[in-house]
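Have a look at the structure below, then the notes.
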Amino acid sequence: MKNLLIVSSTRNSNYELSNDIKEFFDKKTDLLCSVVSLEEFDLPLYTPGLEETFKSSDSFPQDIRKVKDLLVASDALIWCSPEYNGGISPILTNAIAWISRATKDWKDGFKGKHSLICTSSGGNGVNFVKGFKLQLDYLGSQVMDKSIIKTKKKDIKKDEFLEILGNFYTQIT
């Protein structure tokens, strides 16, 4: 059974979107699907000096290990995050920095894994999707071309939502 992890950056509309997506995948008997919000974890702001402190004591904080372990154990990833100032949200950037630094190979949480990018944003969400796709590609993920984008002005159509999730399901199984 494959392990699908839905990562929500925040506990707001992106968490609601994550749970809507989970409902779709819960009907699939060959997937174990879970949702996690990055707000559940107490991740310190990444700095090289703090990383060196943790590495020299051979002890990353428990929440960094938890997030890293969740990503490493997943077979596929769905990312739900708002667009911040035309880009990637700070909480997501920080989590990815820690995951890439707390693994043996910095790509371990991402390499070869199918990823779907989703957003529920006040802005258009497109800049987040473009920027985050570049980052995930660089980390070795196989990022789906289509994304789910909801905004305050425009909801995603149900048939489009189901089609994107269906295509992602086909890719990961």
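The values are calculated or read from the model by the stated rules, or taken from the named source; none is laboratory data. All of these numbers come straight from a predicted model, not from anything done at the bench. Methodologically, a virtual Cβ is constructed for each residue, glycine included, from the backbone with ideal geometry; neighbour enumeration extends over all protein chains shown. Keep in mind that these areas ignore ligands, DNA and RNA; they rest on the heavy atoms of the full protein, side chains included. Shrake-Rupley method; radii C 1.70, N 1.55, O 1.52, S 1.80 Å.
Looking only at residues in the range 1-42 that are aromatic (F, W, Y) and closer than 17 Å to I91 by Cα, which one is most open to solvent (accessible area, probe 1.4 Å)? Among those that are aromatic (F, W, Y) and closer than 17 Å to I91 by Cα, it is Y15. So S37 clears everything in (1) touching a helix residue (DSSP H, G or I) at 6+ places or on another chain (Cβ under 7 Å); (2) more than 26 Å from I164 (Cα to Cα); (3) modelled with pLDDT of 95 or more except one condition, right? Which one? Here S37 clears every test but (2). Among the residues of the range 157-173, those identified as in contact with a strand residue (DSSP E or B) (Cβ under 7 Å, 6 or more places away or on another chain) and open to solvent by 70 Å² or more (accessible area, probe 1.4 Å) are Q171, T173.
Looking at V126, is it modelled with pLDDT of 95 or more, closer than 24 Å to L162 by Cα and either of a type in the set (S, T, N, Q) or surrounded by fewer than 19 Cβ atoms within 10 Å (Cβ to Cβ) (or both)? The answer is yes for V126.
So that you can scan it fast, the table gives a plain yes or no per residue for (1) without any contact (Cβ under 8 Å) to a residue 24 or more places away in the chain; (2) more than 16 Å from L5 (Cα to Cα); (3) not aromatic (F, W, Y):
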| residue | (1), (2), (3) |
| --- | --- |
| R101 | no, yes, yes |
| K107 | no, yes, yes |
| F110 | no, no, no |
| L116 | no, no, yes |
| S121 | no, yes, yes |
| G131 | no, yes, yes |
| D145 | yes, yes, yes |
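Restricting attention to the range 83-119, the residues being among the polar types (S, T, N, Q), modelled with pLDDT of 95 or more and outside any helix (DSSP H, G or I) number 3. One residue alone among K133, K146, K154 is surrounded by fewer than 21 Cβ atoms within 10 Å (Cβ to Cβ), under 14 Å from the mean Cα position of the chain (by Cα) and either among the hydroxyl-bearing types (S, T, Y) or over 17 Å from S8 (Cβ atoms) (or both), and that residue is K133.
Here K55 clears all of (1) over 19 Å from Y138 (Cβ atoms); (2) open to solvent by 30 Å² or more (accessible area, probe 1.4 Å); (3) touching a residue at least 40 places away in the same chain (Cβ under 8 Å) except the condition numbered (3).
Only one of these is open to solvent by 20 Å² or more (accessible area, probe 1.4 Å), under 20 Å from L43 (Cα atoms) and out of contact with any strand residue (DSSP E or B) (no Cβ under 8 Å at 6 or more places or on another chain): I88, I99, I64. Name it.
Exactly one of I88, I99, I64 is open to solvent by 20 Å² or more (accessible area, probe 1.4 Å), under 20 Å from L43 (Cα atoms) and out of contact with any strand residue (DSSP E or B) (no Cβ under 8 Å at 6 or more places or on another chain), namely I88.
Kindly indicate whether F128 is part of a helix (DSSP H, G or I), under 21 Å from I21 (Cβ atoms) and in contact with a Pro (Cβ under 8 Å, 6 or more places away or on another chain). Yes, satisfied. Going by what's in this entry, would L45 be described as assigned to a loop (DSSP other than H, G, I, E, B), modelled with pLDDT of 95 or more and either out of contact with any strand residue (DSSP E or B) (no Cβ under 8 Å at 6 or more places or on another chain) or surrounded by 14 or more Cβ atoms within 10 Å (Cβ to Cβ) (or both)? Yes: the conditions hold for L45.
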